[in-house]
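Peer 1: One structure follows; several queries about it will come next.
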Amino acid sequence: MRTIADRHLNAINRKNPTLSEAWVEARNFVIRYGVAISLGVISVTIYVLLYEYSGNIKHLAQEAYIGHKTWFFVPILIMFAFSLIHGSFTAHFWDSLGVKPKKP
């Protein structure tokens, strides 16, 4: 509880930042939250596209079963790309909230 009060008092007693300090704070804010937000938007977009085109993706998988053996890569590549983007979003999301893994 004491650290919360100390943080609040430090914020009150802090002087107005110079222009360069304000620029650094704004840049750090964009780096901290902007990447997480943009990856989240991309992840949601991929969710929507997967939902909208699920029939086409299913058709590609069936084409691979029928005889066009190269088409089986397409659904796998789509899910691999989605996994990478969603995993990056999750990592940046927890970092932006300040949650870090416990060290052994």
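The values are calculated or read from the model by the stated rules, or taken from the named source; none is laboratory data. A quick note: this is a predicted structure, and the numbers were derived from the prediction, not measured. Here Cβ is always computed from backbone atoms with ideal geometry, including for glycine, and neighbour counts include all displayed protein chains.
Peer 1: Tally time: how many residues in the stretch 1-49 are small (Gly, Ala, Ser) and at pLDDT below 75?
Peer 2: Qualifying residue count for the region: 2.
Residues are listed down the side, and each one gets a yes or a no for (1) more than 22 Å from Asn28 (Cα to Cα); (2) under 14 Å from the mean Cα position of the chain (by Cα); (3) in contact (Cβ under 8 Å) with a residue 12 or more places away in the chain:
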site	(1), (2), (3)
Leu50	yes, no, yes
Ser54	yes, no, no
Tyr65	yes, no, no
His68	yes, no, no
Pro75	yes, no, yes
Gly87	no, yes, no
Val99	no, no, no
Lys103	yes, no, no
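Peer 1: I would also like to ask the following. If you take the residues in the stretch 76-91 that are under 13 Å from Leu50 (Cβ atoms) and surrounded by 15 or more Cβ atoms within 10 Å (Cβ to Cβ), which one is modelled with the lowest pLDDT?
Peer 2: Ile78
Peer 1: Quick check on Ser38: is it among the polar types (S, T, N, Q) and surrounded by 11 or more Cβ atoms within 10 Å (Cβ to Cβ)?
Peer 2: Values: among the polar types (S, T, N, Q): yes; surrounded by 11 or more Cβ atoms within 10 Å (Cβ to Cβ): yes.
Yes.
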